[in-house]
Amino acid sequence: MATNMRGLTQFIADIRGARVRELEEKRINKEMANIRKKFKDGNLDGYQKKKYVAKIIFTYILGYKVDVGHMEAVNLISSPKYSEKQIGYLAVTLLMHENSDLLRLVVNSIRKDLDENNEVNNCLALHAIANVGSNEMAEALAEDVHRLLISPTSQNFVRKKAALTLLRMYRKHPDVIPAAEWALRIVSIMDDADLGVVVSVTSLIMALAQDHLEAYAVCYQKSIDRLHRLVVDHEYTAQYAYYRVPSPWLQVKLFRLLQYYPPTEDPTLRSVINNVIQTVMNNSMETSRNVQHNNAQNAVLFEAIALAIHLDTNSSLVTNAAVLLARFISSKETNVRYLGLDTMAHLAGRTESLDAIKKHQTTIIQSLRDKDISVRRRALDLLFSMCDLDNSELIVGELLRYLKVADYALREEMVLKIAILTEKYATSYKWYVDTILELIAAAGDHVGEEVWYRVIQIVTNTMDLQAYAARVTLEYLKTPTAHESLVKVGGYVLGEYGHLIANEPGSSPIEQFQVLHTKSQFCLAATRALLLSTYIKWVNVFPEIKHHLLNVFDRYRHVLDVDLQQRACEYYALASRPEDDELLQNVCEEIPPFPPRESALVHRLNRKLGDTESKRTWVHGGKEANLERELTQRKKILPAEPASRTTTGSADVGNVMDSLAGLDLTSSSNGAAAATDPSSIFAQLSKPINPTAPRLTTGPNIDRWFEKLTTSADGVLYEDVQVQIGIKSRYQGHLGQIAIYVGNKVPVPLTSFTAVVHVSDPDTLLASFAKLPPSTIAPRAQTQLLLQVECKKFFSALPSITISFLAGAQQSVTLQLPILVTKFFEHVSLGAADFFERWKLIGGPPRESQLVFPITLTEEGGLDQERYRQVVSGHRLNLLDGVDPNPNNLVGAGILHTSVDGKVGCLLRFEPNRDAQMCRITVRSTSEDVATEVQKLISRALSRAPS
Amino acid sequence: MIHAVLIFNTSGVSRLIKFYTTPQKSPQLLVEKIFSLVSSRSQALCNFLDAPELDSFLNHPSMAGERLQIIYRNYATLYFVFVVDSSESELGILDLIQVFVESLDRAFENVCELDLVFNFDEAHHILSEVVQGGVVLETSVDEIQTAIEQASQARQKSFSSSNPLALGSGNKISRNAVIQTPLGWLAGRFGATGLR
């Protein structure tokens, strides 16, 4: 401890004793000079070095710049004494940053400390990398750090530091971490018994999963399982209860991690997570007097609500949450009000119907006048998000009124938001122009160029608006304090459309000229240049005031500003040409409409708020804003998406942007029509990410076991020295229940047990576990996983299951599940007449599938009738005896049950020929796909040599 | 991510500064800025503050547009301030400040400002057990205390080794043992020499 060094204590006491800042500086300068001298002389022992470096650190903490001692700190790191090492590391992490050249010198010492069999030194090294880790360090040390994380001999306190160190390396230098390759191993740590380790590793996974959603998909299930154990089962050690709330940090992180993934469609996961969220919400009902307890509970609650909103905005959970939020936004506690508004803005940004929020509109508007600026900001965000066609006039009106008294820090953002809302939800042209001009008048200095450019663009592109705009602008210009932006708008609008109102009282050409020209003297050169252009346009349309205008040009011919002078000269020459000259007319043609383009405002706002690297899972603004953002993000993550899909995606985005950009008032419901086809975007978004199944485990036995299971309901699926996996299945109609038994054959528990089912297309086949698989299997024990499947349509791709666990090292097997389409067949009995009638009705190709292939005979040289019958009936076709005149032939019939496409009939005829050692199989079905698939499955099974 | 942890007193004198992203300007200026933002807020206001003012201090090109937030808590004469981005839960950080303070309190037995002044290195060590590289490391006060004790044990050992009257090399610390019995210490020592 610092107090062990007397010189240091004295130094600190001296500085504390300094009455004024000058004395303090003097004392520090003296000390630094002394230290510099000592270092220069060299020959210091470890203790002295430590003492001087500690003094330097103290000086740094006081806020002084220090430029000595870096080298000595580096030396201290390699000291064998922990106390010296510790100060050395502290100095390095405080005084250096990642780009310091000196860091190169410590890489080797750090590696030595990492590799040492001494945890406290490991920790110092890890901590240093996590704080100042440079690219070089990441490259050199990533492997060592990873080893410390996964090694079974590492202590928990080392592992959690290693996890965060990896995180830092990944952030700084993602290439050095083979994130996808390490995925399963890292995710398996989420099952660790030590919650401290779990918190750290979850932070790591949050960063990795954002870039590798698919590789880390298993963490979805793990997170839900962990949340369930924490919240519902209360499974945690006492030291991780923070004021009676089980590790709120972990809960918050897990809830957030789940929001990175698209909502799951697995009914089991869904019901578990809903149960967790409901429990969290119920817990929050009982508030205690303890501030810390409430804090922690609310931290969890707000994150849980955010997840509920993410999962499904129409769920009853969200309805309950809206009620809770309504209570929060009028809470006495400022923190709660703040977060209530923040979360409500999230809800508003997602939900289909804003009704629940609109009920509290008055409260929210009142929050704009809260005494805390933080709360006011959130209220502003919320109003921005909840604005739609119905309440836009009210909300924009409120915002405008508030703008006039708002804090300076808020104004610029407010102006942008008001401008965007006005454009997006304009109910009439008149309102749009009124509002924007009022906005410019009220907050001139905070109005960016984009705002008035946009007004011009819209006025130019909208014929009906032009006269009105000219009229209103002129009114505003008549006020004594018109802002320069207003003068610019006025200059442009009156120049182009002033003639439209020239016959109205108070707007005669000369009056327009006088109003505008009196403002000109207070304006910048750029604005004056714009006014000169206005005047030349007027020369064309208002010949009656030509001499006034010529006068102005004449005077400007002598100003010092080159641009103004040139303009004036050119305009003067142009205006002085004879009356019948057409040049002026041609030059002053009406400005053509602007090409439709994206509103620069939205751009600007986004830049201002920043697309926060997907850290936040939503943005302020309406639903479309969020959709669009997700879409771009999804594209970023899934570069391998098929091209067709990506292009449709971007086309949709384009549409959305276009309709946002143009103030399209032709349809009365413009704002709502903004998203041209939100359903298509939704369809893409709501498609959950299906982890692509890892490569199948292979082996001769595996194929044999699998074949057996294709025709029987029970059997072994897989077996090795550690596990045995067996299956028992039952099918009825389009539903099936498959019990998968996993037996642990070794005398140690299998930990971090994970089972994931991969289905290639959930639209045809659904498969989900009835409940979450357990995370451990006790030694020599068996666990049962119940898999429920539903056949929705015909399918041919088989689902597979990946089972992974830790037994010393990470083990994982991926196996095809014997869930064939024929498992969903049910018997049907037909007489000979019926059979052949249907056979003919279906007819030949394409609804028939036929194959001729060789068969092997039995040892006696006969047909293996027994096996043929077994294969056909194993595929759940009813063998119809006495239908075919040839007794050697087999005839079968079955009906495929699907929940979406209904029932599909299927007929089979099998004709073996002993002499030719050939056979012919013919399958007819009302569905071509079914005929082909059944033919393939059965002929494959039959052509295989009998086992 | 947590970008900075600052402790300063009610007159704006900094007591602990720790940056997890390299500041672009002088740390002292940043402390002054934050102090002026925070000290003017009354107790009844919330503990969170949007801080677009800090962008120029902590913003790197790599995190352009990141929205920074100040989350602070006032204990007696000290302000504990965390500068975080939007990936952190506001209340979560507030809880974390509480954990940090409780850990300091355990280590110093009724922590006061002077403890932080004279034991600035220890304060940093405690912080490093709570936050590492801008991410929450440990949240259990017990665990933090254990880690701190472990480090101070290691330090004492190396300290006694620098004392000529002490026996042994001391830089070889036996694993696991939190409190060492003389016998264990001897055994560790023999083991250590045996290795060389």
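At-a-glance table
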{"item": "On Cα atoms only, tilt of A:46-61 relative to the major axis of chain A in degrees", "result": "60 degrees"}
{"item": "Under 26 Å from the Cα of A:Lys840 - lysines, other chains or at least 8 residues apart", "result": "A:Lys793, A:Lys823, A:Lys903, A:Lys936"}
{"item": "Total charge dipole magnitude, the range B:2-151, about the Cα centre, Cβ charges on Lys, Arg, Asp, Glu only, Debye to nearest 20", "result": "620 debye"}
{"item": "Lysines with Cα under 20 Å of A:Lys332, excluding same-chain neighbours fewer than 8 positions away", "result": "A:Lys359, A:Lys371"}
{"item": "For the range A:823-943, with +1 on Lys and Arg beta carbons and -1 on Asp and Glu, the positive-most of A:Gly882, A:His897, A:Val923 along the dipole", "result": "A:His897"}
{"item": "Listed residues A:Ser812, A:Ser760, A:Ser775: farthest to the positive end of the dipole of the range A:681-819 (Cβ charges)", "result": "A:Ser775"}
{"item": "Additional length obtainable on full extension of the chain from A:Asn503 to A:Glu928, 0.36 nm per residue less Cα span", "result": "145.3 nm"}
{"item": "Gain in span if fully extended, A:Arg111 to A:Lys332, counting 0.36 nm per residue against the direct Cα distance", "result": "74.2 nm"}
{"item": "Modelled FRET efficiency - R0 30 Å, A:Asp445 with A:Asn29, Cβ distances, 0.05 increments", "result": "0.10"}
{"item": "Distance in nm between pseudo-label sites at A:Leu394 and A:Glu235 (7 Å out along the Cβ direction from Cα)", "result": "4.9 nm"}
{"item": "Length gained when the stretch A:Asp901-A:Cys523 is fully extended (0.36 nm per residue, less Cα-Cα span)", "result": "128.8 nm"}
{"item": "Spin-label model distance (nm) - B:Ser39 vs A:Glu139, 7 Å beyond Cα toward Cβ", "result": "4.7 nm"}
{"item": "Pairwise label distance in nanometres, A:Arg369 with B:Leu29, each label 7 Å out on the Cα-Cβ vector", "result": "3.9 nm"}
{"item": "J(HN,Hα) series, the range A:826-840, from Karplus relation 6.51 cos²θ - 1.76 cosθ + 1.60, nearest Hz, glycine and proline x", "result": "10, 5, 9, 9, 9, x, 4, 5, 4, 4, 6, 4, 5, 3, 6"}
{"item": "Cβ charges +1 (Lys, Arg) and -1 (Asp, Glu), total dipole of the range A:138-186, debye", "result": "320 debye"}
{"item": "Degrees, to the nearest 10: A:484-497 long Cα axis against longest axis of chain A", "result": "90 degrees"}
{"item": "Among A:Pro694, A:Ile740, B:Ala147 the positive-end extreme of the charge dipole of the protein assembly as shown (Cβ point charges)", "result": "B:Ala147"}
{"item": "Student exercise, the range A:303-376 dipole from Lys, Arg, Asp, Glu Cβ charges, in Debye to nearest 20", "result": "340 debye"}
{"item": "Alpha-carbon Rg with Dmax, taken over the range A:60-101, Å", "result": "10.5, 31"}
{"item": "Nearest 10 degrees, 0 to 90: helix A:928-943 Cα axis against chain A principal axis", "result": "40 degrees"}
{"item": "Residues whose placed amide H lies under 5 Å from that of A:Glu719, excluding near-sequence neighbours", "result": "A:Ile725"}
{"item": "Amide H contacts under 5 Å for B:Arg15, placed H, 5+ residues apart", "result": "B:Ile7, B:Phe8, B:Asn9"}
{"item": "From phi via Karplus (6.51, -1.76, 1.60), per-residue ³J(HN,Hα) for the range A:233-242 in Hz, x at Gly/Pro", "result": "7, 6, 9, 6, 7, 4, 6, 9, 8, 9"}
{"item": "Across A:Lys81/B:Lys18; A:Lys51/A:Lys161; A:Lys51/A:Lys85, pairs whose alpha-carbon gap is larger than 18 Å", "result": "A:Lys81/B:Lys18; A:Lys51/A:Lys161"}
{"item": "Euclidean distance between Cα centres, the range B:128-144 to the range A:463-537, Å", "result": "63 Å"}
{"item": "Under the Karplus curve 6.51 cos²θ - 1.76 cosθ + 1.60, θ = phi - 60°, whole-Hz ³J(HN,Hα) for the range A:444-449, x wherever Gly or Pro sits", "result": "x, 5, 9, 8, x, 4"}
{"item": "Square roots of five times the Cα gyration tensor eigenvalues for the protein assembly as shown, Å", "result": "60, 53, 25"}
{"item": "Other-chain or far-sequence residues with amide H under 5 Å of A:Met918's (modelled H)", "result": "A:Ile855, A:Asn913"}
{"item": "Set of aspartates and glutamates near A:Lys112 by C-alpha distance (under 15 Å), chain-local residues within fewer than 8 positions excluded", "result": "A:Glu143, A:Asp144"}
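Taken together, the values in this text are just the output of simple stated rules run on the coordinates, not laboratory data. This one's a predicted model, so the numbers in the text were calculated from it and none came from an experiment. Positions of Cβ are backbone-derived with ideal geometry, glycine not excepted, and every protein chain shown enters the neighbour counts.
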